[in-house]
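**Student:** Questions regarding the structure given below will be posed in turn.
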Amino acid sequence: MDPRALTQDYTVSPQIELVDLPRIKAAGYAMVINNRPDGEIPAELHTEKMRQAAEALGIEVAQIFEDEHF
C-alpha cells in the first residue's frame with residue numbers, strides 16, 4: 001500500500017489488498033472507496049471479499065462501479 005494524502009481528510013492509494021486493511025484501520029481511516037470493477041482485479045480482491053474483511057474491522061466500504069461494464 002502506498003497512501004498519498006490529498007487533503008487532511010482524504011487519502012488515495014493504488015490497489016490495496018486484504019492484508020492492508022488492519023494497517024488502514026490502525027491509521028484511523030473509517031472508509032475505503034472502491035473505484036475498480038471486479039473484472040480488473042484478481043478474484044481475491046473483488047468487492048464483496050474486500051467489503052466483508054473491511055466491515056469485520058469496522059471500516060465502511062463504498063463502491064463506485066456496480067459492475068465491470070461501465
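**Student:** Taking the residues in segment 20-37 that are surrounded by 13 or more Cβ atoms within 10 Å (Cβ to Cβ) and part of a helix (DSSP H, G or I) as candidates, determine which candidate is farthest from the chain's Cα centre (by Cα).
**Tutor:** Lys25
**Student:** In addition: Go through (1) touching a helix residue (DSSP H, G or I) at 6+ places or on another chain (Cβ under 9 Å); (2) on the phi > 0 side of the Ramachandran plot one by one and return the number of the condition Gly28 breaks.
**Tutor:** (1)
**Student:** Evaluate the following for Glu40: is it over 11 Å from the mean Cα position of the chain (by Cα), open to solvent by 70 Å² or more (accessible area, probe 1.4 Å), at pLDDT below 95 and under 16 Å from Val61 (Cβ atoms)?
**Tutor:** Criteria not met by Glu40.
**Student:** When both residues are 6+ apart or on different chains and their Cβ atoms are under 9 Å apart, which pairs have a first residue that lies in segment 58-70 and is farther than 15 Å from Leu21 by Cβ and part of a loop (DSSP other than H, G, I, E, B), and a second that is open to solvent by 100 Å² or more (accessible area, probe 1.4 Å) and at pLDDT below 65?
**Tutor:** Final answer for the pair search is Ile64/Phe70.
**Student:** Just name the residue that is nearest to Pro14 (Cα to Cα) out of those in segment 43-57 that are in a helix (DSSP H, G or I) and open to solvent by less than 70 Å² (accessible area, probe 1.4 Å).
**Tutor:** In this case the residue turns out to be Leu45.
**Student:** Checking Ile16 against (1) under 12 Å from the mean Cα position of the chain (by Cα); (2) part of a helix (DSSP H, G or I), which test does it fail?
**Tutor:** (2)
The values are calculated or read from the model by the stated rules, or taken from the named source; none is laboratory data. On a predicted model such as this, the values are computed, not experimentally measured, just so you know. Every residue, glycine as well, gets a Cβ built from its backbone with ideal geometry; the counts of neighbours run over all protein chains shown. For accessibility, only protein heavy atoms count, side chains too; no ligands or nucleic acids. Shrake-Rupley method; radii C 1.70, N 1.55, O 1.52, S 1.80 Å.
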